[in-house]
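Q: Pasting a structure here, questions to come.
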Amino acid sequence: MGCAKCYLIGFNTIFLLFGGGCLAGGIYILMDKSEILVLTRSATSSLNVDDVVTPSLIETAAYVFIGLGGFVFITSLMGFCGACCENNKCLIIYIVIVGTILLAQGTAVVLSVIYKDQFETYARDNLKALQQTRYKGPYDTSDIVSLAFDIAHIYFQCCGVDNGTEYASISNWNTTYAYDAGGGSYVVGVATIPATCCEFSNMALFPSDITGFLNSMTNNTCPITQSSSYSSKGCYEAIKDRFSQYFNIVIGVGAGIAGMELLGVIAACCLIKKEKDEKDQNDEKDD
């Protein structure tokens, strides 16, 4: 019983601090979002992504922090108070909430296994739909989705969702491309893939020096000719392969958290049983 009580107090103290921090951070951002906006834009000025860091994006992040922090704080408070004061009502609420979370986590794992293929098809099709309607590149910062595609091209050395041929059917991206043909003479052509799909000799310049990075393109005709490019390698599979390297870590962390939650439920049940047994003993003595 002593171990159960100590575990609940210690476990929920950590999450009380985490939830309180998220809650306070979200409220602070909402209360003084103008200052936060200035700071974030100043920090990203070298990336030329002022249009991405918008008030609405900051507000959304603040509401996420408040929602997550409030939920974690209240749940942990129930477990903490229930353990400290041996309050059965708080412990029952805690068990119901954490048990529901565990059930949702288990359901999500089962569904992800059963519908894995359908999910991949859904995700791939939705990425293609976003690419068709939102991509404006190359490296256009006016749309966060368009920017995300360019960043994926660069970091994962890929092109498009499945391959670079997809850009031939996209009509709303800027295909005008000018390159130095030598002697200071510039040639303007029609790009068939975004410049970010090409090979670059100095990856270290991204994202601190975008101009220098783009100038380090291995073949400056690449967007037109697709030579020295990653046009045959799709980003969906590239990202999937990269994240699969960390799959075991993600599973381990998830299993660890679920195990701690389960221990919390068991500890709370032990404390409730202890109080019930004590009450039954007292009733027997009275009789």
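The values are calculated or read from the model by the stated rules, or taken from the named source; none is laboratory data. Computed from a predicted model, the values in this text were never measured in an experiment. We place every Cβ from the backbone using ideal geometry, glycine too, and count neighbours over all the protein chains shown.
Q: Do we find a residue being farther than 14 Å from TYR135 by Cα, in the same structural domain as TYR230 (by TED's automatic domain parsing) and touching a Gly at 6+ places or on another chain (Cβ under 6 Å) anywhere in the stretch 184-203?
A: Taking every residue of the stretch 184-203 in turn, none turns out to be farther than 14 Å from TYR135 by Cα, in the same structural domain as TYR230 (by TED's automatic domain parsing) and touching a Gly at 6+ places or on another chain (Cβ under 6 Å).
Q: Looking only at residues that are β-branched (Val, Ile, Thr) and out of contact with any strand residue (DSSP E or B) (no Cβ under 7 Å at 6 or more places or on another chain) in the stretch 200-241, which one is nearest to GLN157 (Cα to Cα)?
A: The residue in question is ILE239.
Q: In the stretch 81-96, is there at least one residue being in a loop (DSSP other than H, G, I, E, B), exposed (fewer than 14 other Cβ atoms within 10 Å of the Cβ) and not charged (D, E, K, R)?
A: No, that holds for no residue.
Q: Separate question: Quick check on my filter: what residues within the stretch 195-215 are over 25 Å from the mean Cα position of the chain (by Cα) and surrounded by 16 or more Cβ atoms within 10 Å (Cβ to Cβ)?
A: ALA195, CYS198, PHE200, PHE213, LEU214
Q: Shifting gears a bit: In this structure, is TYR179 buried (at least 16 other Cβ atoms within 10 Å of the Cβ), over 18 Å from TYR155 (Cβ atoms) and at pLDDT below 90?
A: Yes, satisfied.
Q: From the set of residues in the stretch 156-195 that are hydroxyl-bearing (Ser, Thr, Tyr) and without any contact (Cβ under 8 Å) to a residue 40 or more places away in the chain, which is nearest to SER229 (Cα to Cα)?
A: Top of the filtered list is THR192.
Q: Is it the case that some residue within the stretch 241-255 is within 30 Å of SER201 (Cβ to Cβ) and in contact (Cβ under 8 Å) with a residue 12 or more places away in the chain?
A: Within the stretch 241-255 (the criterion being within 30 Å of SER201 (Cβ to Cβ) and in contact (Cβ under 8 Å) with a residue 12 or more places away in the chain), the answer is yes, since at least one residue qualifies.
Q: Which of (1) in a helix (DSSP H, G or I); (2) out of contact with any Ser or Thr (no Cβ under 9 Å at 6 or more places or on another chain) is the odd one out, the single condition ASN220 does not satisfy?
A: Only one criterion in (1) in a helix (DSSP H, G or I); (2) out of contact with any Ser or Thr (no Cβ under 9 Å at 6 or more places or on another chain) is unmet by ASN220, namely (1).
Q: Could you please give the count of residues in the stretch 223-244 that are within 22 Å of TYR167 (Cα to Cα), outside any loop (DSSP other than H, G, I, E, B), out of contact with any Cys (no Cβ under 6 Å at 6 or more places or on another chain) and not aliphatic (A, V, I, L, M)?
A: Within the stretch 223-244, residues that are within 22 Å of TYR167 (Cα to Cα), outside any loop (DSSP other than H, G, I, E, B), out of contact with any Cys (no Cβ under 6 Å at 6 or more places or on another chain) and not aliphatic (A, V, I, L, M) number 5.
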